[in-house]
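Shown next, in C-alpha cells, is the structure this report addresses.
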Amino acid sequence: PIYFDNHATTQVDPRVVEAMLPTFTETYGNPSSVGHLFGEAAKELVERSQQTIAAAIGAEAKEIVFTSGATESNNLAIGGVLTQRRRRGDHVVTVTTEHKAVLDPLEQFEQRGYEVTRLAPRQVGDPLAGQLAAAQVAEAIRPDTSLVSIMLANNEIGVIQPLAEIAQICKQQGVLLHCDATQAVGKIPVDVQQLGVDLMSFSAHKIYGPKGSGGLYVRKEGPRVRLQPSIFGGGQQRGIRSGTLNVTGIVGLAEAVRLSVAEMADESARLRQLRDTLWSGLNERTTGLHLNGPELDHSEARLAGNLNFAVEQVDGEALMMNVREIAVSSGSACTSANPQPSHVLRAIGLSEDLTRSSLRFGLGRFNTAEEVAFAVDVVATAVDKLRKLIA
Ligand code: PLP
C-alpha cells in the first residue's frame, strides 16, 4: 500500500533518525545531571534544540517548553491559563473545527463551570469553507474572556485561519491567544511575532520527526503569560513541565523542524502541484466529487498537501474497503478510537451522507507523481465499481 495519510502522522526522515541515534548510546546523560560531562553534553543538546526551534518560529530559546506532543501542549496551554487566570473570568472562545485535543480539554473545563463559545466557520458552498472571520472573534470576546484558542491549519480540510488578524483583536482586548499550530509549523511560514500568538503548540511526528515529542511556545515578552503546570515533579523546565527531558525526542523534533523550514518553499510548491494533479486526475476519471474546504486556487487559505473530498452515490465504508491499496483517512473516521463521523466536515455543513463518503489525502515528503497517478486509478476504479453495483 502507498501512504497518503501524512496529516495523521509521517514516516521519520532518515536524516532525523541520524540526528537522534547518538543520544541512545553516546549522549545519553540526564540533562539535569550538570555535575558531570554526560549530563552537560545532554543539556547542551537540549539547549541547541531549543535555539533551533526558536529560530525557526521567531521565538527566543527560553520561550520553548518541551512536551510529549501537541495533545499535551494544548492541555498545558488551556489548563495552564484557565486555572491561572480564573480571576479575570471563566469564558473561552474557540472554533467548532478545532482538533479534539483542544475541544476535549475545553469541555472538561466547561463541566467545571467555565463557559465556552464555539464559533462556526464559513459553510460548504463558500469558496473559503472552514475559514473563520476575525470579526467573529471580536464579537465573541467579553469582559470575562480569559483565552481564545484557534488553530492555524486544520488537520482535515487544511484550512488556514487568519491568526494575525485574530491576534490583533485579542491584544486590543487583553485576552491571551493560544494557537494549535501542529499542522502548520514546517508546512507554512510560522513566526510567533508576526502571528502575535501568546502560546503555540506543535508536534514532531507530523513533520517527519518521532512520535511522542512536541513543544509549546510560551511568550515571555509583553503581557506576562503565567501557566499553572499540570505535571509536577523534579521542577525541570522551570517547573512548567517536570520530568526528565526526552533528549532523543527533543533532538528529533529540532531536526524535523529545521529540515521542514529549510525545505518549505520548494516542498510546498511540489506538494501543491501533486495535490492539484491528484484532484484534476480524479475529476477526469470520475463525476460527482465535492471538494471539502477552501477552493484549491485560494492557495493562501489551504495547506499545499491537503485534499479532502466527498464522493456522491457511494457508501463511505464500502469506499474505504475498496481503496485498501492506498492509506488515506475517511470522513467516517471508522479507523479512529472514536467512531464518529468527522466533526469538522459536519461543522462546515456537509450532509451526513457526504461526510461518510469523504476521503482525506495528506500528501507528504515521500510521495511521488507515480504514486499520485496510482491513487487516481485506485479511487476511480473503486468508485466505478461501487456505482455499478447500485446501478
Ligand atoms: N492538533 C492537531 C491539529 C493535530 O492534527 C494533531 C494530530 O493528531 C494533534 C493536535 C495531536 O498531536 P499529538 O499527536 O502530537 O498529540
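Taking Cβ atoms as reference points and 14 Å as the exclusive limit, the residues near Pro105 contribute a net charge of -3, counting Lys and Arg as +1 and Asp and Glu as -1. Centre-to-centre, using Cα atoms only, the stretch 344-378 and the stretch 121-188 are separated by 24 Å. When the trypsin sites (Lys or Arg not before Pro) in the stretch 1-104 are filtered for DSSP coil states and for at most 10 other beta-carbon atoms within 10 Å of their beta-carbon, the remaining sites are Arg87. The lysines within cross-link reach of Lys43, meaning a Cα-to-Cα straight distance under 22 Å and a gap of 8 or more places when in the same chain, are Lys62, Lys211, Lys220. On a per residue basis, the convex hull of the C-alpha atoms belonging to the stretch 238-372 measures out at 175 Å³. Rounded to the nearest 10 degrees, the angle from helix 369-390 to the longest Cα principal axis of the chain is 50 degrees. Note that the stretch 338-383 shows a convex hull volume over its alpha carbon atoms of 112 Å³ per residue.
Couplings 3J(HN,Hα) of the stretch 175-185, computed from phi: 10, 6, 10, 9, 10, 7, 9, 4, 8, 10, 4 Hz, in residue order, whole Hz [Karplus 6.51 cos²θ - 1.76 cosθ + 1.60, θ = phi - 60°; x for Gly and Pro]. Restriction of the chymotrypsin sites (Phe, Trp or Tyr not before Pro) in the stretch 107-208 to DSSP coil positions whose beta-carbon has at most 13 other beta-carbons within 10 angstrom yields no sites.
Short-range pairs are left out: with C-alpha atoms under 8 Å and at least six residues apart, the relative contact order of the stretch 217-297 is 12 percent. An ellipsoid equivalent to the stretch 14-258, defined through the eigenvalues of its Cα gyration tensor, has semi-axes of 32, 20, 15 Å when rounded to whole angstrom and sorted largest first. Relative to the longest principal axis of the Cα atoms of the chain, helix 37-57 runs at roughly 50 degrees. Peptides 29-35, 69-75, 133-139 ordered by packing proxy, namely the average of other Cβ atoms within 10 Å per residue, highest first: 69-75, 133-139, 29-35.
Where a number appears in this text, it was derived from the coordinates with a stated rule and is not lab data. Bear in mind the structure is a predicted one, so any value in this text is a computation, not a measurement. All Cβ positions, glycine included, derive from the backbone under ideal geometry; neighbour counts span all protein chains shown.
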